[in-house]
Amino acid sequence: MENLIPLFIHVKITDIIDILLVAYLLYAIFKLIKGSVAINIFTGLFLIFFVWKIVEFMEMRMLSEILNQFVNVGALALIIVFQPEIRKFLIHLGTSASSGINHSKKTRFFSNPFKSISFEVNIDEIVKACKNMSTNLTGAIIIITRNNRLQEEVKTGEIIDANISSSLIESIFYKNNPLHDGALIITDNKIAAARCVVKITEKTSFPSQYGLRHRAGLGITEQTDAFVIIVSEQTGKIAIADEGEVKFNVSLIDLKRTLLLEFNSSEN
């Protein structure tokens, strides 16, 4: 008991800060990979590290050395296994840093205080197209870019470079149009491309009743700062995705309100 007393006496403020920073880092990592297969791998590696520290504290040298080698080799394996998550984290970090200069105090539906919302978009035409497609049960996925222009994704589709209009959006997603499969990407208040391919989310907790459009919409917002509108082909219901989160069953009023908070409208 006497040996434990000095441990508490020599605790410094830097030790407390160190513990809080580590706790926040673990929490941030958990939020980043929550709902994906990677959470199981992370939990397993954390348990191995925890056991290694206990074994080291109890001076079980042989087992400690074995676990130590495993942890050292595991650091490289960690980078390989979590490559998508590390990439996602760096993208979010870079996006936050680059758009921090344009910080706005507007209240947003999905709040991120470091994300610029000074992008101009023809909101009325987009909402009108979503209304008609919802009524006609026309499936659609519309991606509106912010700082990240999704140049790689644009290259996978057909370049359009046209002004935004509800009739053009509806015709693109018309089921007999060869461009209706894939995503439509809007950049600089123009329809940049259609039939674009984007990666779907890997979250295992994603509701099974939603298809590839919803998974793709969530997936692109997990990796970039894009804003996505999805119209269900089965039900006609509208969903929006931003910052790795999806809100289902969005009304046209809420859709327009959210777009007005996210972007500056343009009347063309």
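General observations
- Rounded to whole Hz, the Karplus (6.51, -1.76, 1.60) HN-Hα couplings of segment 228-234, x for glycine and proline: 10, 10, 10, 10, 6, 6, 7
- Set of aspartates and glutamates near residue 175 by C-alpha distance (under 16 Å), chain-local residues within fewer than 8 positions excluded: 233
- Counting beta carbons within 10 Å around each of 30, 227, 50, 173 and listing the fewest first gives the order 50, 30, 173, 227.
- Neighbour counting of Cβ atoms within 10 Å sorts the residues 208, 166, fewest neighbours leading, into 208, 166.
- Length-normalised contact order for segment 119-268 - Cα pairs under 8 Å, 6+ apart - percent: 31 percent
- Cross-link pairs beyond the 31 Å C-alpha cut-off, checked among 190/237; 131/190; 53/199: 53/199
- Maximal additional length on extending the residue 63-residue 14 stretch stands at 14.5 nm, based on 0.36 nm per residue less the C-alpha distance.
- Convex hull per residue volume in Å³, alpha carbons only, for segment 120-265: 94 Å³
- Gap separating the Cα centres of segment 127-186 and segment 238-254, nearest whole Å: 17 Å
Rule-based calculations on the coordinates, nothing more; no lab input. A quick note: this is a predicted structure, and the numbers were derived from the prediction, not measured. Backbone-built Cβ (ideal geometry, glycine too); neighbour counts: all protein chains shown.
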